[in-house]
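The values are calculated or read from the model by the stated rules, or taken from the named source; none is laboratory data. Remember, it's a predicted structure, so these values are computed and weren't measured experimentally. Virtual Cβ from ideal backbone geometry, glycine too; neighbours counted across all protein chains shown. All accessible areas refer to the heavy atoms of the entire protein, side chains included, with ligands and DNA or RNA removed. Shrake-Rupley method; radii C 1.70, N 1.55, O 1.52, S 1.80 Å.
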Amino acid sequence: MEFIKVNKTYAKHIALIQLNRPKELNALNLQLMGEIRDSLKELDQDDEVRVIIITGDERAFAAGADIKQMAGKSTIDMWKVDQFSTWDQINKTRKPIIAAVSGFALGGGCELAMTCDMIVASETAQFGQPEIKIGVMPGAGGTQRLTKALGKAKAMELVLTGKFISAEEALGYGLINKVVPVEVYLKEAVSLASEIASMSPIAVQMAKEAVKRSFEVPLEEGLHFERKNFYMLFSSEDQKEGMNAFVEKRKPDFKGR
Ligand code: HXC
């Protein structure tokens, strides 16, 4: 991997993907996105990994798609490259992904954070969709995911003016889960990840799938999907372990079976 660093054993059951183009503020070129896609696919298959954290560095989570790589492209060039199939694959990851964000999370960077399941941010984090300032618009889900999180008025303002919001504001809108001092944002993401990693990984993945489904389908269909996953969990050993542990007044030990 040239543009990311992957540590499969960053903490117990937790893998870390760190974007690694610091001089370019982790601008998301095509190779970097492909590396994220490939490593998520591998981590999704690795039973030792239960939660994945994606982070950048203190100055930037990611300042967007690589403008220099896109600047001279034609419509047909962009269509041939089909970069959004990479994003679609990332969105299919079963295991929970936490974005640990410090500094700039802009354009594709904001979209990548929003594609993750939760966001833990440092006080210095800034979120925005500034594509409008360079003559385009969000393309990797920004107009949809930001609007679902912030509501129409604020999302419209951010998308049409390109202005940024602070981590505190993002927290107020429910875009992110937590804001902590910059020194501890990664530690805080690990702590959240550890809490989730102590649960049954099968239940976690099926629950994630059901929550995500709520963004796609009408309520009745979502409820049907939820019930299907709920019933399925009764064929896992983890369900027996979890419920027996409760009855026996002990801590469950989930094996992911
Ligand atoms: C390529 C980038 C970049 C980007 C920063 N850099 N953002 N290179 N693509 N998105 C590079 C700069 O060119 C510069 O390289 C170095 O990183 C440091 O950036 P500076 O601008 O010098 O830093 P600063 O003055 O602190 O300003 C930070 C900034 C600004 C406000 C984040 O860099 C900026 O506005 N970046 C672009 C943000 C943006 O428009 N993002 C949306 C992209 S479109 P050199 O070599 O000059 O030192 C997009 C579409 C997504 O994301 C849909 C498809 C996936």
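Here are the numbers for the structure shown:
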item: Placed amide H near I54: partners under 5 Å, 5+ positions off or other chain; result: I17, I98, A99, A100
item: Solvent-accessible area per residue, Å², over the stretch 1-144 with all protein chains present [probe radius 1.4 Å]; result: 47
item: Sulfur and carbon atoms: percent of accessible area, the stretch 138-248 [1.4 Å]; result: 61
item: Neighbour cut-off at most 14 other Cβ (10 Å), DSSP loop, trypsin sites (Lys or Arg not before Pro), the stretch 12-56; result: K12
item: Of all DSSP beta bridges in the chain, antiparallel share, percent nearest 5; result: 25
item: Euclidean distance of C-alpha centroids, the stretch 82-100 and the stretch 20-41, integer Å; result: 12
item: The stretch 39-182: radius of gyration over Cα atoms, expressed as a fraction of 2.2 N^0.38 Å; result: 1.04
item: Quotient of Cα Rg and 2.2 N^0.38 Å for the stretch 110-257, N being how many residues it contains; result: 1.29
item: Principal semi-axes in Å for the stretch 120-160 [√(5λ), Cα gyration tensor, largest first]; result: 17, 14, 10
item: Compactness of the chain as Cα Rg over 2.2 N^0.38 Å, two decimals; result: 1.04
item: Near-label residues of the stretch 102-129 by backbone N, under 18 Å of a point 7 Å along Cα→Cβ of E58; result: 102-105, 121-126
item: Surface share of carbon and sulfur [accessible, 1.4 angstrom probe, percent] for the stretch 17-130; result: 49
item: Gyration tensor over alpha-carbon atoms, the stretch 10-63, equivalent ellipsoid semi-axes in Å; result: 22, 13, 6
item: Placed amide H near E123: partners under 5 Å, 5+ positions off or other chain; result: V180, V182
item: Inverse mean reciprocal Cα-Cα distance (Kirkwood Rh) of the stretch 45-121, Å; result: 13.8
item: Computed Rg/Rh of the stretch 201-248, alpha carbon atoms with Kirkwood Rh; result: 1.08
item: Accessible area expressed per residue, the stretch 201-248, with surrounding protein chains retained (probe 1.4 Å, Å²); result: 72
item: Label-point separation in nm, K92 to V247, each point 7 Å along Cα→Cβ; result: 3.9
item: The chain: calculated mean residue ellipticity at 222 nm from DSSP helix runs of at least 4, using -39500 (n - 2.57); result: -13500 deg cm²/dmol
